[in-house]
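First the structure, in the form of structure tokens, and then the observations on it.
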Amino acid sequence: DLKNVHLSGRDLIDAMEETGGIGVPAHPGRRHIGLVEHIEMGYDIGTSLRAAEQLNGGSSKQENARAHQLVEGRKLFGTGGSDAHFVSAVGKFMTEFTRPIRTMQDLVEQLYSGDYHPITLEDARVQA
């Protein structure tokens with residue numbers, strides 16, 4: 001039940017999977033609030049997690065390194081996000097998909113496929 005605000009992270013991810021969605025934890029490398037910290041404290045995330053934000057524009061290099069270790073160590077798919085709270089930060093990190101995304105279903109299908117990766121603004125400029 002996705003309306004239940006008391007679901008654990010594990011149950012939330014499972015519920016999303018059961019309803020055809022996908023959960024992608026944001027800024028997992030952040031101290032005190034990120035998924036890595038919770039795992040280090042013994043929290044069991046189960047086996048349903050497919051992806052996590054690997055590069056976050058609001059996270060430090062060390063926090064992004066922790067997220068990278070999570071993604072690599074658990075063989076997850078990685079995304080990138082700018083976490084922009086100001087216009088100047090939009091696009092710092094992004095997720096590059098190999099196929100066009102026009103609908104929510106396109107997005108979910110691509111997230112399930114793993115056919116994407118995080119990139120930096122500089123990476124995008126080089127490709128343009």
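The values are calculated or read from the model by the stated rules, or taken from the named source; none is laboratory data. Since we're looking at a predicted model, the values are computed, not measured. Here Cβ is always computed from backbone atoms with ideal geometry, including for glycine, and neighbour counts include all displayed protein chains.
Annotations for the structure displayed:
- Test: residue in the stretch 52-66 that is touching a residue at least 24 places away in the same chain (Cβ under 8 Å), within 19 Å of G20 (Cβ to Cβ) and not basic (K, R): no
- Condition broken by R125, with the remaining ones in (1) in a helix (DSSP H, G or I); (2) at pLDDT 90 or above satisfied: (2)
- Members of the stretch 75-121 that are surrounded by fewer than 17 Cβ atoms within 10 Å (Cβ to Cβ), of a type in the set (S, T, N, Q) and outside any loop (DSSP other than H, G, I, E, B): S88, Q105, S113, T120
- Test: M94 is more than 15 Å from the chain's Cα centre (by Cα) and either at pLDDT 90 or above or under 25 Å from L121 (Cβ atoms) (or both): no
- Verdict on S60 being under 13 Å from the mean Cα position of the chain (by Cα) and hydroxyl-bearing (S, T, Y): no
- Enumeration of residues in the stretch 28-64 that are in a helix (DSSP H, G or I) and surrounded by 12 or more Cβ atoms within 10 Å (Cβ to Cβ): L35, V36, E37, H38, I39, E63, N64
- Taking (1) within 28 Å of Q105 (Cα to Cα); (2) in contact (Cβ under 8 Å) with a residue 24 or more places away in the chain; (3) of a type in the set (S, T, N, Q); (4) surrounded by fewer than 19 Cβ atoms within 10 Å (Cβ to Cβ) in turn, Q69 satisfies each apart from (1).
- The set of residues in the stretch 7-27 that are at pLDDT below 85 and assigned to a loop (DSSP other than H, G, I, E, B) comprises L7, S8.
- Selection status of E96, touching a residue at least 24 places away in the same chain (Cβ under 8 Å) and among the charged types (D, E, K, R): yes
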